[in-house]
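Read-outs throughout are calculated quantities, based only on the coordinates presented, and are distinct from any laboratory measurement. The structure displayed is predicted, hence computed values, not measured ones. So basically every Cβ, Gly included, is an ideal-geometry build from the backbone, and we count neighbours across all protein chains shown.
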Amino acid sequence: MRLILVATLALAPVILARESEPVQRLDEAAAVFGEIMAVPDRSIPEDLLANAHCIVIAPGVKKAAFIFGGRYGKGYLSCRDKSGSGWSAPATVRIEGGSMGFQLGASSTDLILLVMNERGAARLLETEFTIGAGASVAAGPVGRSAGAQTDALMRAEILSYSRSQGVFAGVALKGATLRQDLDDNETLYGKKLENREIVTSGMPVPQSAAALIALLNKHSKRER
């Protein structure tokens with residue numbers, strides 16, 4: 001009995017660290033988004049955010065040395081709530097593979113995706129989704145307004161951005177696969193919920209995600 005108790009106590013820090021990872025990542029996602037939006041001339045245009053259907057924020061996506069051009073990371077997606085004025089509770093995603101253009105050599109990259117229409121949002125909420133496979137993707141513009149951008153860019157279903165070594169810019173991201181992470185969803189919500197259920201059911205935003213959702217709401221207010 002004593003041996004079991006000792007073993008349990010020894011494993012407790014490992015278990016707690018594992019359970020806190022999704023929460024820590026939420027804090028990192030909020031920090032990344034807040035830092036990017038704090039520089040209006042080099043941030044995501046707020047008119048784009050106001051019209052986006054969904055957003056994916058993945059802090060610290062790592063370069064996978066064993067795969068040429070490969071990447072691996074975890075992040076969160078949120079979509080417009082039923083009222084259209086706010087953002088849903090976040091669901092977790094894993095990102096694997098894909099090429100990130102001129103930032104390919106960076107060892108760690110913050111990644112943001114804006115999904116600009118219902119068709120793209122429906123694809124994003126599938127259990128597995130590959131960027132650029134049947135959905136148009138373009139490097140997103142930066143600055144105070146996207147009004148001066150070309151029609152071709154504005155027709156893209158997905159706009160992609162990355163930040164590496166302090167530089168934030170639109171980036172040509174194709175081939176990356178996004179998968180829902182049921183284990184991390186369970187850590188946040190107490191059961192293995194599908195991403196679609198989390199973002200479409202109107203469930204309350206967990207306290208751990210309050211800072212991130214507040215920032216999204218602040219920078220993406222729609223005109224009435």
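May I ask for the net charge around LEU193, where only other residues with Cβ less than 14 Å from the Cβ of LEU193 are counted and Lys, Arg are +1 while Asp, Glu are -1?
-3
Between LYS191 and ASP47, what length in nm is gained on full extension when 0.36 nm per residue of separation is reduced by their alpha carbon distance?
48.3 nm
Using a 7 Å offset from the Cα along the Cα-to-Cβ direction at both GLN207 and ARG155, what is the distance between the two label points in nm, to one decimal?
With each label placed 7 Å out from Cα toward Cβ, I get 4.9 nm.
How much net charge surrounds GLU126 when only other residues with a Cβ under 11 Å from its Cβ are counted (Lys, Arg +1; Asp, Glu -1)? Show your work: numbers first, answer last.
Working: positive: ARG123, ARG179, ARG196; negative: GLU128, GLU194.
Here the count lands on +1.
Could you list TYR76, TYR161 in order of exposure, starting from the residue whose Cβ has the fewest other Cβ atoms within 10 Å?
Working: TYR76 26, TYR161 22.
The fewest-first ordering by Cβ neighbours comes to TYR161, TYR76.
Students often forget the sequence filter, so: which lysines lie under 30 Å Cα-Cα from LYS218 once same-chain residues fewer than 8 apart are removed?
In chain and number order, the partners are LYS62, LYS74, LYS82, LYS174, LYS191, LYS192.
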